[in-house]
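Here the structure comes first, spelled out in structure tokens, and everything after it is commentary.
The values are calculated or read from the model by the stated rules, or taken from the named source; none is laboratory data. Keep in mind it's a predicted model, so treat the numbers as computed, not measured. Positions of Cβ are backbone-derived with ideal geometry, glycine not excepted, and every protein chain shown enters the neighbour counts. In case anyone asks, the SASA skips ligands and DNA or RNA and just uses the protein heavy atoms, side chains included. Shrake-Rupley method; radii C 1.70, N 1.55, O 1.52, S 1.80 Å.
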Amino acid sequence: QVQLVESGGGLVQDGGSLRLSCTASGGTVSDYTITWFRQAPGKEREFVAAKSWSGERLYYADSVKGRFTISRDNAKNAVYLHMNSLKVEDTAVYYCAATVLHYGSPYSNEYDYWGQGTQVTVSS
């Protein structure tokens with residue numbers, strides 16, 4: 001089964017940028033739909049962005065459209081979340097998750113594999 005490891009989180013100022021990485025082992029990212037979720041303190045985990053297994057479909061939460069971009073590098077077996085124009089409300093632990101579904105479901109219970117998460121903190 002696939003194992004996922006996130007990296008790239010950190011502290012950034014409002015308006016700044018970060019790139020999160022989700023590196024897979026034990027499986028190939030192109031065999032799964034890979035999705036980014038996030039969870040802020042005291043809030044439920046929420047969908048952020050997804051790239052379908054075919055790579056043809058991209059999905060974004062309304063709150064991040066135009067600011068975040070999800071991409072995949074098959075050669076590196078990794079999926080990335082490019083985050084620009086970060087806001088304080090983007091502060092959360094970001095998780096990548098994989099599903100065999102062929103679309104980017106926004107429901108976390110449809111994902112079988114999860115990384116451990118990486119903290120993103122945006123300061124004002």
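Mind putting a number on the dipole of the chain about its Cα centre? Charges go on the C-beta only, +1 for Lys and Arg and -1 for Asp and Glu, and I need it in Debye to the nearest 20.
Here the chain has a charge dipole of around 220 debye.
Starting at the first residue of region 17-31, write each ³J(HN,Hα) from the Karplus equation 6.51 cos²θ - 1.76 cosθ + 1.60 with θ = phi - 60°, in whole Hz, x for Gly and Pro.
Here the 3J(HN,Hα) series is 9, 8, 10, 9, 10, 10, 9, 9, 9, x, x, 10, 4, 6, 8 Hz.
Determine the share of region 1-88's accessible area contributed by carbon and sulfur atoms, expressed in whole percent, with a 1.4 angstrom probe.
Summing carbon and sulfur atoms, their accessible area is 44 percent of the total for region 1-88.
Which one, 71, 111, 50, is farthest towards the positive end of the dipole of region 6-124 when Lys and Arg carry +1 and Asp and Glu -1 on their Cβ?
Result: 71, furthest along the dipole toward the positive end.
Using the Karplus curve 6.51 cos²θ - 1.76 cosθ + 1.60 with θ = phi - 60°, work out ³J(HN,Hα) for each residue of region 97-108 in order, rounded to whole Hz, and write x for Gly and Pro.
With the stated coefficients, region 97-108 comes to 9, 10, 9, 7, 4, 8, 8, x, 4, x, 9, 5 Hz.
Pick out, in residue order, every one of the GluC sites (Glu not before Pro) in region 1-103 that is DSSP loop and has at most 15 other C-beta atoms within 10 Å; say none if there are none.
Qualifying residues, ordered by number: 44, 56.
Quick check: pseudo-label points 7 Å beyond the Cα along Cα→Cβ at residue 45 and residue 109, how many nm apart are they?
About 1.2 nm separates the two model spin labels.
Cα centroids of region 1-76 and region 79-121: how far apart, whole angstrom?
5 Å
How far is it, in nm, from the label point at residue 28 to the one at residue 61 when both lie 7 Å from their Cα along the line to the Cβ?
3.1 nm
Please compute the Kirkwood hydrodynamic radius over the chain, one decimal place, Å, based on all pairs of different Cα atoms.
14.1 Å
Over region 32-124, with the other protein chains present, what is the accessible area per residue in square angstrom, probe 1.4 angstrom?
Normalised by residue count, the accessible surface of region 32-124 is 50 Å².
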